[in-house]
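Just below is one structure, and these are the notes that go with it.
Every number here is computed from the coordinates shown, using simple stated rules; none is lab data. Just so it is clear, the model here is predicted, and its values are computed rather than measured. Every residue, glycine among them, receives a Cβ derived from its backbone with ideal geometry; neighbour counts consider all protein chains shown.
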Amino acid sequence: MATILSWLGIVLTGALLFLTLLPILKTGNWVARICDFPRVQILALSILPIACIALVIGLDGSSPLRFAMLGLLAGIAVWQFSHIVRYTRFWPCEVTKDKHGKSLTVMIVNLDYENNQKDRVSETLTTHDADLLLIIEIDEQWEHGLAELLDDYPHREGVVRGEGLGIVLASKFPMRDIEVRHLVSEERASVHAVIEVDGEDVRVSALHPTPPGLKSDQGDRHDSRKRDAELVLVAKEIQESEPQHRVVMGDLNDVAWSHTTRLFRRLSGLRDPRIGRSLLNTYHAQRPLFRYPLDHIFVSDEIAVSRLERVRVPGSDHFGVLATIHITIGERPNDTNGERASSNDDEEAREIVSEGKREASEHGG
């Protein structure tokens, strides 16, 4: 028994060490980048080999190797926890919950284009009655199914496409300076607009970049660089622009703690309201053991967020995200764009954009 447990502990420790070290590599390889996602799961799984080795020590006595393995597993657990602890209540909130100022309800919903529960989804979205609604994976059938709901949004823009490529931004507040842009890939649209909220301008960017690991038309799988390039391009535009109220939102197909998302935040100067509150895992809605925070709202630092929660979207593989943000009328946004970025960040950003555009030209998608 001790021999079996010992080998089981060694195999599990090796697997967890591999999954822990792989994301450290600065590569766009989709396997390495996907290993960014399950940090909570790896942390939980580290209990198994620790239990195995502890049992072996109890049955067969201790040894330097067994204590070294326990130390290694403790290091793995601490490393994984260091990435996710910011997204718990053990950490101070990065975005204030102050309710002063004009409130605006924002919602992200990834419909899942294969979802057929259109009436139930429409009912759910009507119940929440968001002021600003981002609809992802909307195709012609979904546009028709949500027609009555969309009539409540006099201002909307985006593209309606099949295969999960549609994206529409709908607002009850006036929108101007609207752009539908293809930042990296001709198949992946993003929507950019200024929302006029009681005389205050809020610049909104809505994104849905290519997920790493998605099969391309050639049958291989996309690396992460197209996704990364889209996030970096938006961050650099924010960094180089005049300070203004900002919201960036969407299904970013990346986790909150990844290197790319942290680079995005340093370059843009935007804040993550998840920090100090919760992981807010939004995908996969039907698989509780395999959930990750892929749907995001980032805000400039003068914007408060009083509510941030998940919403069950009937039939979808994503939870929706519902937030209430607050903008103080007449308050000038702070000049914090990119204040945390270094020259190395700027150099890395240029490399990511170059690699992402090259991949887009070679593989599409």
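When each of Arg156, Arg358 is scored by the number of other beta-carbon atoms lying within 10 Å, the sequence from fewest to most is Arg358, Arg156. Put +1 on the Cβ of each Lys and Arg and -1 on the Cβ of each Asp and Glu in the chain; which of Tyr113, Val168, Pro273 then has its Cα farthest toward the positive end of the dipole? Towards the positive end, the residue furthest out is Pro273. Of the DSSP H helices in the chain, those with a Cα length along their own long axis of 20 Å or more and a mean Kyte-Doolittle hydropathy reaching 0.0 comprise 2-21, 64-84. In terms of the mean number of neighbouring beta-carbon atoms within 10 Å, the peptides 163-171, 124-132 order highest first as 163-171, 124-132.
In the chain, helices alone account for a calculated mean residue ellipticity at 222 nm of -11500 deg cm²/dmol, with every DSSP H run of four or more residues adding -39,500 (n - 2.57). Along the axis of the charge dipole computed for the range 124-248 (Cβ charges of +1 for Lys and Arg, -1 for Asp and Glu, origin at the Cα centre), the listed residues Ala206, Ile195, His222 are led at the positive end by His222.
Of the peptides 301-312, 21-32, the order by per-residue mean of other Cβ atoms within 10 Å, starting with the highest, comes out as 301-312, 21-32. Averaging 1/r across all pairs of distinct Cα atoms in the range 2-87 and inverting the result yields a Kirkwood radius of 13.5 Å. Counting only Cβ charges, +1 for Lys and Arg and -1 for Asp and Glu, the dipole size of the chain around its Cα centre is about 1600 debye. Residues Glu359, Glu114, ranked from the fewest to the most other C-beta atoms within 10 Å, line up as Glu114, Glu359. Protection proxy ranking of 224-230, 83-89, 283-289, by the mean of other Cβ atoms within 10 Å over each peptide's residues and highest first, is 224-230, 83-89, 283-289. The residue among Leu19, Ser46, Pro154 whose Cα reaches farthest toward the positive pole of the charge dipole of the chain, with charges on the beta-carbon of Lys, Arg, Asp and Glu, is Ser46. Only lysines eight or more places from Lys99 in sequence, or on another chain, were considered; those with a Cα closer than 24 Å are Lys172.
For the pair the range 199-257 / the range 300-315, the C-alpha centres are spaced 18 Å from each other. The antiparallel fraction among DSSP beta bridges confined to the range 102-363 stands at about 80%.
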